[in-house]
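Beneath this line is the structure, given in structure tokens, with notes to follow.
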Amino acid sequence: MSNAEDRYGSLSITLHWLMLLLIAAVYACIELRVNFPRGSDPREALKTWHFMLGLGVLLLACVRLVVLLRGTTPRIRPEPGVMSRRLARIGHIALYALMLGMPVAGWLILSAEGDPIPFFGIELPPLIGPNEALAERIEDIHKTAGTVGYWLIGLHAAAALYHHYIRRDNTLTRMLPALRGRA
């Protein structure tokens with residue numbers, strides 16, 4: 001369960017890959033909605049799932065932060081240079097800002113629009129009162145951050161592949177599930 005010196009523990013690995021699936025589902029819901037006419041049941045269902053899964057990202061990101069802050073980070077071998085470590089830190093901070101900020105922004109948008117905030121059978125309280133102008137401004141930020149998110153996720157994956165295939169270090173393998181028969 002806990003992290004070892006050279007690899008992440010099963011809890012960290014599970015949370016990482018579950019977050020990937022959850023974020024992919026959030027993006028898929030909002031991208032697929034355009035295939036249906038405005039106001040149609042499928043489009044509204046995809047938007048609702050986008051909201052609920054987005055709030056799931058917020059919840060899971062909070063759990064990940066607790067696990068991250070309570071655990072140790074496995075070493076990368078061979079150790080990367082200072083610039084590589086700084087870029088990785090900036091990238092991880094940006095990803096956590098995305099995982100925390102985007103769902104909060106979505107919650108604020110729904111609140112400012114005066115819409116219900118659904119979360120798997122319960123309705124969450126609004127964070128702010130109705131304010132259509134504010135909702136539009138936050139929605140613009142939310143959309144831009146969503147585009148930035150595509151780039152951040154792509155760069156994160158590209159960096160892992162760079163470390164694995166070019167640098168040939170253990171950056172990627174630290175986060176892969178252990179294969180049977182392998183420690």
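Can you report the number of residues in region 132-183 which are touching a residue at least 12 places away in the same chain (Cβ under 8 Å), among the acidic types (Asp, Glu) and surrounded by fewer than 15 Cβ atoms within 10 Å (Cβ to Cβ)?
The number of residues fulfilling the criteria is 1.
Would you confirm whether any residue within region 12-22 is surrounded by 13 or more Cβ atoms within 10 Å (Cβ to Cβ) and closer than 19 Å to Leu110 by Cβ?
yes
Inspect all residues belonging to region 171-183 and state whether any of them is among the hydrophobic types (A, V, I, L, M, F, W, C), closer than 23 Å to Ala24 by Cβ and part of a helix (DSSP H, G or I).
There is at least one residue in region 171-183 that is among the hydrophobic types (A, V, I, L, M, F, W, C), closer than 23 Å to Ala24 by Cβ and part of a helix (DSSP H, G or I).
Note down all Cβ pairs under 7 Å where the first residue falls in region 113-131 and is farther than 14 Å from Phe51 by Cα and surrounded by 12 or more Cβ atoms within 10 Å (Cβ to Cβ), the second is modelled with pLDDT of 95 or more and among the polar types (S, T, N, Q), and they're at least six residues apart or on different chains.
Leu127/Ser111; Ile128/Ser111
Taking Gly71 as the residue in question, decide whether it is touching a residue at least 24 places away in the same chain (Cβ under 8 Å), among the small types (Gly, Ala, Ser) and buried (at least 17 other Cβ atoms within 10 Å of the Cβ).
Judged against the criteria, Gly71 is not a match.
Among the residues of region 86-96, is any buried (at least 16 other Cβ atoms within 10 Å of the Cβ), under 13 Å from the mean Cα position of the chain (by Cα) and of a type in the set (A, V, I, L, M, F, W, C)? Even if it seems obvious, please write down each step before you answer.
Step one: of region 86-96, the residues buried (at least 16 other Cβ atoms within 10 Å of the Cβ) are 88, 94-95.
Retained after the next criterion (residues that are under 13 Å from the mean Cα position of the chain (by Cα)): 94-95.
Remaining after also requiring of a type in the set (A, V, I, L, M, F, W, C): 94-95.
Among the residues of region 86-96, at least one is buried (at least 16 other Cβ atoms within 10 Å of the Cβ), under 13 Å from the mean Cα position of the chain (by Cα) and of a type in the set (A, V, I, L, M, F, W, C), which makes the answer yes.
Scanning region 23-41 for residues that are aliphatic (A, V, I, L, M) and over 15 Å from Gly106 (Cβ atoms), which turns out farthest from the chain's Cα centre (by Cα)?
Val34
Out of the residues in region 57-83 meeting the condition of being in a loop (DSSP other than H, G, I, E, B) and either farther than 18 Å from Thr171 by Cα or of a type in the set (Gly, Ala, Ser) (or both), tell me which one is modelled with the highest pLDDT.
Going through the qualifying residues, I end up with Gly81.
Can you confirm whether region 38-56 contains a residue that is surrounded by fewer than 18 Cβ atoms within 10 Å (Cβ to Cβ), modelled with pLDDT of 95 or more, at negative phi and not in a helix (DSSP H, G or I)?
yes
The values are calculated or read from the model by the stated rules, or taken from the named source; none is laboratory data. Just so it is clear, the structure is predicted and the values come from calculations on it, not from any experiment. Don't worry about glycine lacking a Cβ; one is built from the backbone with ideal geometry, like all the others, and counts go over all protein chains shown.
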